[in-house]
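Trainee: First the structure, then my questions, so here it is.
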């Protein structure tokens, strides 16, 4: 129960973080957004970890776990987050969301060939739905960029599709790899270990992203930061830090496959928040909504247990055999 609630909170805060980051990247630097989000995460994670004992909890991780978590952090919070913000800047958060769902397919493929998990008929259906969802959402891009704005002087959003979908794909790749590494690294399934794992991952990402920006050669560029964008980045950074904290705690309390499926609810929250915050800077339309729902449904189907469905529907015979089919690489 608690793990599901944490995953839901992660989905809401992640959607809000993407919507506010979208406002910031309209005029600000993508690298600046990544750096601020990484830097803000460290004190927040330490504050959350303090009641459990910072030193004691961190010492529970051996060298292998630290290496896995650091690698996951650099992949997810540095590389994939940069790709996410570049994609959001190019095509908007709404169109990026369904493509990010490909991360589930990547996670499944890695789990099958790396961890020996099974391929099932339901998972194949889920993969197909996740692939089709973004294609349906893409058709919405043929329509207007946004609903009519109350402000006639508001700028028109012109998506850059090649750049946007390229970086969205890179983002999905990073987001798909990191859960496998996190699941392999957690020594204990507790809230404290989840928070500590998140801190280690963010620390590694911060070193990679922030420290180079502190070099004297980078100081002149800091004087020309867009402070209006920076305020949006701070709001987004706090929100995405909370989202990742909830995510790591959910991973520590429940199966990663189930937690990951709940996290995909951010697709729905993202569309609604974008309508409130970014009416003139996003793609909207019926195709987008349908594609998002199909992609979300595919995420759910991807993680459903076939035996549960067969028992719940009292299936037998050929249909039960089809749904119960499975294959393992090893």
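The values are calculated or read from the model by the stated rules, or taken from the named source; none is laboratory data. Because the structure is a prediction, the values reported are computed rather than measured. FYI the Cβ positions are ideal-geometry reconstructions off the backbone, even for glycines, and counts take in every protein chain you see.
Trainee: Could you list, in sequence order, the residues of the stretch 57-73 that are in a loop (DSSP other than H, G, I, E, B) and either on the phi > 0 side of the Ramachandran plot or buried (at least 20 other Cβ atoms within 10 Å of the Cβ) (or both)?
Mentor: Residue satisfying the conditions is 61 alone.
Trainee: Residue 285 is checked against (1) modelled with pLDDT under 80; (2) under 18 Å from the mean Cα position of the chain (by Cα) and fails just one. What number does that condition carry?
Mentor: (2)
Trainee: Would you call residue 203 modelled with pLDDT under 90 and surrounded by fewer than 22 Cβ atoms within 10 Å (Cβ to Cβ)?
Mentor: Here the answer is no, as residue 203 does not meet what is asked.
Trainee: List every residue pair whose Cβ atoms sit under 6 Å apart, with the two residues 6 or more apart in sequence or on different chains, where the first one lies in the stretch 272-294 and is farther than 17 Å from residue 12 by Cα and the second, anywhere, is assigned to a helix (DSSP H, G or I) and modelled with pLDDT under 70.
Mentor: 283/140; 283/141; 285/140; 287/139; 287/140; 288/137; 288/140; 291/137
Trainee: Answer with yes or no whether residue 234 is surrounded by fewer than 18 Cβ atoms within 10 Å (Cβ to Cβ), in contact with a helix residue (DSSP H, G or I) (Cβ under 8 Å, 6 or more places away or on another chain) and either modelled with pLDDT of 85 or more or not in a helix (DSSP H, G or I) (or both).
Mentor: For residue 234, the condition - surrounded by fewer than 18 Cβ atoms within 10 Å (Cβ to Cβ), in contact with a helix residue (DSSP H, G or I) (Cβ under 8 Å, 6 or more places away or on another chain) and either modelled with pLDDT of 85 or more or not in a helix (DSSP H, G or I) (or both) - is met.
Trainee: Now, a different point. Under the condition of being in a helix (DSSP H, G or I) and under 28 Å from the mean Cα position of the chain (by Cα), which residue from the stretch 303-330 is farthest from residue 128 (Cα to Cα)?
Mentor: Filtering first and then ranking leaves 308.
Conditions (1) in contact with a strand residue (DSSP E or B) (Cβ under 6 Å, 6 or more places away or on another chain); (2) buried (at least 20 other Cβ atoms within 10 Å of the Cβ); (3) in contact (Cβ under 8 Å) with a residue 24 or more places away in the chain, marked per residue:
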| site | (1), (2), (3) |
| --- | --- |
| 9 | no, no, yes |
| 20 | no, yes, yes |
| 26 | no, no, yes |
| 33 | no, yes, yes |
| 37 | no, yes, yes |
| 42 | no, no, yes |
| 47 | no, no, no |
| 51 | no, no, no |
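Trainee: Tell me, yes or no, whether the stretch 40-50 has at least one residue that is under 17 Å from the mean Cα position of the chain (by Cα) and either in a helix (DSSP H, G or I) or closer than 21 Å to residue 207 by Cα (or both).
Mentor: Scanning the stretch 40-50, I find at least one residue that is under 17 Å from the mean Cα position of the chain (by Cα) and either in a helix (DSSP H, G or I) or closer than 21 Å to residue 207 by Cα (or both), so the answer is yes.
Trainee: I need a count of the residues in the stretch 254-272 that are over 16 Å from the mean Cα position of the chain (by Cα) and at pLDDT 80 or above.
Mentor: The qualifying residues number 0.
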